[in-house]
Amino acid sequence: MSDPVRQARRITRPVVLVGLMGVGKTSIGRRLASALDRDFIDADEEIERAADRTVAEIFEAHGEAYFRDGERRVIARLMEEGHGVIATGGGAFVDPETRALVIENGLAIWLDCDIDTLVERTSRKNTRPLLKTGDPRAILRDLKEQRSPAYAQAQIHVVTGDGPHEVAVERIIEELAAWQ
Ligand code: S3P
């Protein structure tokens, strides 16, 4: 086991990935959890399980505010359960209650990358209701501007590129290893 991995494994609080749609929170989170030998859970999947509907269906049937209420409750439960690595939906950490809870009891990692990469990655799936209301590039650019001040409150900031997720995982592990 490499030294950074050993160091990173000292962390016992949930590591919570935050950041915009398409940055890779779920795939990176899965790989990170496996490297840290902790469990992984995806908040959007848990919301879908609890509601027995997809995120898109929840938005369509009840609107965004209703989705955000469910999201807040589910993330509070996941924090309480003490999972190893939690991937959140892009809007979750913007909610002040969720943000405070995560910062207080977990270790938030802001995964950040350029708009071109986000546009390319989000174009592969058609499941994100917020990107269906207009030009995805313009929407992502606006969200980045609006949300960056909230994301910046995460304890750790990792800028990733369009390279393989393994590289991002290594960078996160180095940051976790150095985190006091
Ligand atoms: C959202 C991001 C999505 C999902 C929902 C809303 C957002 O999750 O929670 O569509 O507000 O940014 P991902 O970031 O995993 O795509």
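The values are calculated or read from the model by the stated rules, or taken from the named source; none is laboratory data. Keep in mind that this is a model prediction, so the values were computed, not measured. Here Cβ is always computed from backbone atoms with ideal geometry, including for glycine, and neighbour counts include all displayed protein chains. Heads up: the accessible areas ignore ligands, DNA and RNA and are worked out on the full protein's heavy atoms, side chains in. Shrake-Rupley method; radii C 1.70, N 1.55, O 1.52, S 1.80 Å.
For the reader, a short list of remarks on this structure follows.
- Beta bridge orientation in the chain: antiparallel %, DSSP, nearest 5: 0 percent
- Protection proxy ranking for 21-33, 87-99, using the average of other Cβ atoms within 10 Å per residue and placing the highest first: 21-33, 87-99.
- Where only DSSP H runs of four or more residues are counted, the chain gives -17000 deg cm²/dmol as its mean residue ellipticity at 222 nm, each run worth -39500 (n - 2.57).
- Label zone of residue 5 (point 7 Å out along Cα→Cβ, amide N under 13 Å): in region 35-56 this covers 35-38.
- Eligible aspartates and glutamates near residue 25 by straight Cα distance, threshold 13 Å, same-chain separation 8 or greater: 42, 44, 45, 112, 166
- Take residue 127: with every protein chain present and a 1.4 Å probe, its accessible area is about 70 Å².
- Averaged per residue, region 20-175 has 50 square angstrom of accessible surface, using a 1.4 angstrom probe with ligands and nucleic acids left out.
- Cα gyration tensor shape for region 1-138, rounded if a/c is under 1.5, else prolate or oblate: oblate
- Separation between Cα centres of region 97-126 and region 48-86, rounded to whole Å: 16 Å
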